[in-house]
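The values are calculated or read from the model by the stated rules, or taken from the named source; none is laboratory data. Just so it is clear, the model here is predicted, and its values are computed rather than measured. With ideal geometry, Cβ positions are generated from the backbone for all residues, glycine too; neighbour counts draw on all protein chains shown. Please note that ligands, DNA and RNA were not included when accessible areas were found on the heavy atoms of the full protein model with its side chains. Shrake-Rupley method; radii C 1.70, N 1.55, O 1.52, S 1.80 Å.
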Amino acid sequence: MVGSVGNGTVDLHAVNGNGKALHLEGEAAAAEALPMEVEPGKREVVLGRNVHMTCFEVKEPDADDEETGEREATMASVLALYRRSLVERTKHHLGYPYNLDFDYGALAQLQHFSINNLGDPFIESNYGVHSRQFEVGVLDWFARLWELEKDEYWGYITNCGTEGNLHGILVGREVFPDGILYASRESHYSVFKAARMYRMECVKVDTHISGEIDCSDFERKLLQNRDKPAIINVNIGTTVKGAVDDLDLVIKTLEESGFQGRFYIHCDGALFGLMIPFVKKAAKVTFKKPIGSVSVSGHKFVGCPMPCGVQITRLEHINALSSNVEYLASRDATIMGSRNGHAPIFLWYTLNRKGYRGFQKEVQKCLRNAHYLKDRLNAAGIGAMLNELSSTVVFERPKDEEFVRRWQLACEGNIAHVVVMPSVTIDKLDYFLRELVEKRAVWYKDGICQPPCIARDVGEKSCFCSLHKN
């Protein structure tokens with residue numbers, strides 16, 4: 001099975017044309033990693049294995065399949081094998097921000113329906129098998145969370161966090177067609193994808209060592225383009241370090257630089273957008289401040305089993321994007337046409353079960369466990385960084401890519417991170433720590449090879465390499 005506990009190697013199974021299992025283990029699987037050169041002097045980007053080597057083939061049924069039942073038996077065995085691999089991979093999931101602690105058994109009765117929320121969430125289309133009543137209920141909940149009245153907001157449930165960013169930035173572009181997009185260098189790649197898709201001029205802003213936007217550099221770059229409006233992506237938790245941009249300082253910088261009334265702010269809250277409201281020390285993300293839109297992912301902290309997200313913007317902005325579609329008997333203001341109608345039901349179900357109080361408890365648990373992990377790493381002589389408002393623990397990149405794949409760690413350069421979600425328990429963290437400490441003892445036992453220096457990424461105080469550990 002994938003990532004067996006016994007030896008830490010990756011086992012991949014597929015079924016060949018004869019229905020027989022194909023088995024690819026450790027060294028052979030590792031050989032599938034495809035290196036790609038990046039900028040000179042930087043680490044190679046290690047890509048994953050070529051899935052063509054292990055895909056499940058689609059075959060035309062034989063003439064006697066209905067009689068023999070062999071086809072159904074083969075498919076059942078493939079699905080059973082795949083399920084076992086999912087169970088195993090879930091045990092070793094730490095690097096990506098997904099809450100795997102959920103139970104939606106009560107919703108299984110709805111999986112027999114093709115539920116599609118095509119068109120505007122607030123205008124019913126001619127397609128009657130939809131879940132708009134759930135979708136608008138979820139949107140109302142988030143609008144209350146971010147303090148925007150029902151008659152002042154518009155939004156929809158997206159297919160992912162990237163779609164939320166694409167939509168938020170598109171709204172900003174429509175409000176200010178000649179605006180320049182500003183985003184910190186540590187913004188999610190989808191922000192820069194939006195700039196390419198919309199052919200927008202994009203200015204990258206420097207960050208502090210924490211990953212938070214450097215507003216001094218932001219001001220300098222604003223003043224270089226003072227004749228054009230500003231469209232700004234504000235990170236409510238950066239991808240790698242979990243840094244939260246200072247929204248109030250961003251607004252102050254814009255206003256003091258002469259951009260009063262000439263800016264649009266999109267808040268990318270993919271993960272921490274739903275956590276920040278329950279952190280006492282955190283500044284509020286609210287539409288009472290001059291922001292234009294906020295997006296969060298539904299499959300991350302919330303724990304929806306399929307990718308989805310929530311995008312909320314001001315109703316006054318949406319008319320520039322909207323057009324009526326006779327075919328739908330509805331309005332088109334979304335990025336996608338057809339939209340997953342099951343996702344709103346899953347979100348509605350979770351919000352009703354947990355509520356504000358339940359999310360607050362889970363946020364406190366995540367922050368507490370993240371501090372536990374950082375302290376344990378430091379105690380083991382491993383440098384680590386944890387931002388104050390974050391549950392993302394950044395530490396040295398493990399030497400062995402097999403270990404990285406086993407624990408599904410997200411890496412960038414010399415650093416890796418663990419995102420502590422509600423499904424990440426102390427027992428799981430201890431399990432990971434034991435393996436990491438044991439592996440490091442092997443990787444660095446001869447003293448010739450040293451752990452990487454991560455001072456450039458996390459600061460000298462958080463780096464425990466031979467140069468900085470004292």
If I model a spin label at residue 441 and residue 216 as a point 7 Å from the Cα along the Cα→Cβ vector, what separation in nanometres do I get? 4.5
Please give the length that would be gained between residue 375 and residue 325 if that part of the chain were fully extended, namely 0.36 nm times their separation in residues minus their C-alpha to C-alpha distance (nm, one decimal). 12.4 nm
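Suppose every Lys and Arg Cβ carries +1 and every Asp and Glu Cβ carries -1, with no other charges. What dipole size does region 109-353 come out with about its Cα centre, to the nearest 20 debye?
Working: 26 positive and 28 negative charges, 95 e Å.
The dipole of region 109-353 has a size of about 460 debye.
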In terms of the charge dipole of the chain, which places +1 on Lys and Arg and -1 on Asp and Glu at the beta carbon, the residue among 205, 179, 191 farthest towards the positive end is 205
Label-to-label distance, nm, for residues given as residue 55 and residue 88 (7 Å Cα→Cβ offset): 2.3
Kindly point out, ordered by number, any Cys in the chain whose beta-carbon has no other cysteine beta-carbon under 4.7 Å away. 55, 160, 202, 215, 267, 304, 308, 366, 411, 449, 463
Lys, Arg +1 and Asp, Glu -1 on Cβ, resulting dipole of region 356-462 about Cα centre, debye, nearest 20: 300
Would you mind getting me the FRET efficiency between residue 114 and residue 450? Use the beta-carbon distance for r and R0 = 56 Å, nearest 0.05. 0.50
Hey, can you grab everything whose amide H is under 5 Å from the amide H of residue 153? Only 5+ residues off in sequence or another chain; H modelled, so Pro and N-termini drop out. 315
Rough spin-label spacing in nm, given labels placed 7 Å along Cα→Cβ, for residue 174 and residue 431: 4.6
Would you mind counting up the charge near residue 302? Only other residues with Cβ under 12 Å from its Cβ, with Lys and Arg at +1 and Asp and Glu at -1. +1
Could you work out what % of the accessible surface of the chain is carbon and sulfur, using a 1.4 angstrom probe and leaving DNA, RNA and ligands out of the count? 51
Could you give the size of the charge dipole of the chain about its Cα centre, using +1 on the Cβ of each K and R and -1 on the Cβ of each D and E, expressed in debye and rounded to the nearest 20? 1580
Amide H to amide H under 5 Å from residue 158: which residues, 5+ apart in sequence or cross-chain, H placed 1.01 Å off N in plane? 309, 310, 311
If you roll a 1.4 Å probe over the heavy atoms of the protein chains, what accessible area per residue do you get for the chain, in Å²? 49
Picking from 48, 359, 104, whose Cα lies most toward the positive end of the charge dipole for the chain (charges on Cβ: Lys, Arg +1; Asp, Glu -1)? 359
A 23 angstrom limit on the alpha carbon distance is what I want to check against. Which of 193/461; 91/281; 241/288; 204/228; 439/469 exceed it? 193/461; 91/281; 241/288
Cα to Cα, under 12 Å, and not fewer than 8 places away if on the same chain: which aspartates and glutamates meet these conditions relative to residue 280? 388
